[in-house]
1. Springs between alpha-carbon atoms under 10 Å, Gaussian network over the chain: tell me which of 34, 117, 164 tops the mean-square fluctuations.
2. Mind pulling the angle between the C-alpha long axis of helix 200-214 and the longest principal axis of the chain? Nearest 10 degrees, somewhere in 0 to 90.
3. What ranking of 214, 47 emerges when the number of other C-beta atoms within 10 Å of each C-beta is taken as an exposure proxy, fewest first?
4. Please find the FRET efficiency linking residue 216 to residue 96, where r is the Cβ-Cβ separation and R0 is fixed at 56 Å, and quote it to the nearest 0.05.
5. Under a straight-distance cross-link criterion of Cα-Cα below 25 Å, which lysines are reachable from residue 219, leaving out those fewer than 8 residues away in the same chain?
6. Which aspartates and glutamates, on any chain, are close to residue 58 with Cα under 15 Å apart, when same-chain ones fewer than 8 places away are left out?
7. How high is the FRET efficiency from residue 169 to residue 286, r the C-beta distance, R0 51 Å, rounded to 0.05?
8. Under a point spin-label approximation (7 Å from Cα along Cα-to-Cβ), what is the residue 309-residue 258 distance to one decimal in nm?
Amino acid sequence: MNIVTCIAPVNIAVIKYWGKRDEKLILPLNDSISATLNTEQMHAKTTVMTSPEFKEDKIWLNGKEESFDNPRLQNCLKEIRRRAKENVNSEGDIDCSWCVHICSQNNFPTAAGLASSAAGYACLVYALAELYKVEGDITAIARQGSGSACRSILGGFVHWHQGSASDGSDSIATQIVPESHWSQLRILILVFLERKLDSYRSKCSLGMQKTAETSELLKHRISHSVPRRIQEITEAIVSKNFEKFAELTMKDSNQFHAVCLDTFPPNVYMNDTSHAIVSLIHAYNNALGENKVAYTFDAGPNACLYLLEPDVPQFLSVINHVFPPASQTSEYLKGIPVESTPVP
Ligand code: PMV
């Protein structure tokens, strides 16, 4: 039996991906940028095994066997096996006809709008690539599991290029800077909805499709706002300009949710608590005369906050004051340094 175990963290986008030009290959309508968290906190851990004894491909997610009849999963495995066959055939190579068993566990709420599929598919593809000794870029394979998963393959700040090739060969992720570049940067994730959203994955995917079909604002976003922001935020990251980085991050989150509301029927992901956090952060930044904290929200109500390490204690005391410790918000508060990359 051949066996590999990997860990891959979630990533939090600062310029959001939303909308696909190809549903099957998962090719996006715009570029996006994110930071990958360190491996210690929110991550997926996946073991992949292959053996001539196995009778069929199988997958267990968080201890429960799930159907292997999942086109995204099958596409990733098919592509890994295709690439493995191209590399062949030195002695000791794995026979691609053997079945595979996959066992994956998240250490954070699955499918609650917290990028669990990004970590899950990044981890799966990385582990399979190690198992089948696939070399070269694997971000384009992870992308076919879940778009944002391509960004979790790499550490630090990562840029997913939309690309223009119809086969998706240039829709890959590249690293802007490694995790060590901005060592003072921290991410806080305020989890106030931990339950599993019913069929979150299909709702997210359907929501994206509806936006692409119906939102006029999306056209402006992908042709004007995103290309400019990608350039500006890259400069802010490289020069560690937090003021500018924070402004662009908040504006892009707001525009992403505006586009979701401009969808017909609308996609509503933020709730009253999310809006209370937004108001609190603007009041906090105004009081201090500069952007000390930036919020961003994915397709769910939980808040992801970027800030610098020296500002964490003061900001946490404000959060604990406004959302007292008895409430769920502070109970589930997690402080996460931005660092690291999947480790085999
Ligand atoms: O990769 P998906 O299908 O889970 O889509 C993720 C989309 C957002 O999280 C809302 C934005 C992003 O760029 O991560």
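1. Among 34, 117, 164, the largest mean-square fluctuation in the Gaussian network model of the chain belongs to 164.
2. 70
3. The order, fewest Cβ neighbours first, is 214, 47.
4. Rounded to the nearest 0.05, the efficiency is 0.75.
5. Candidates past the 8-residue exclusion: 16, 20, 24, 203, 210, 244, 251.
6. In chain and number order, the partners are 66, 69.
7. 0.65
8. 3.6
Every number in this text was worked out from the coordinates using simple rules, so none of it is lab data. Everything numeric in this text was worked out from a predicted model, so none of it was measured. Don't worry about glycine lacking a Cβ; one is built from the backbone with ideal geometry, like all the others, and counts go over all protein chains shown.
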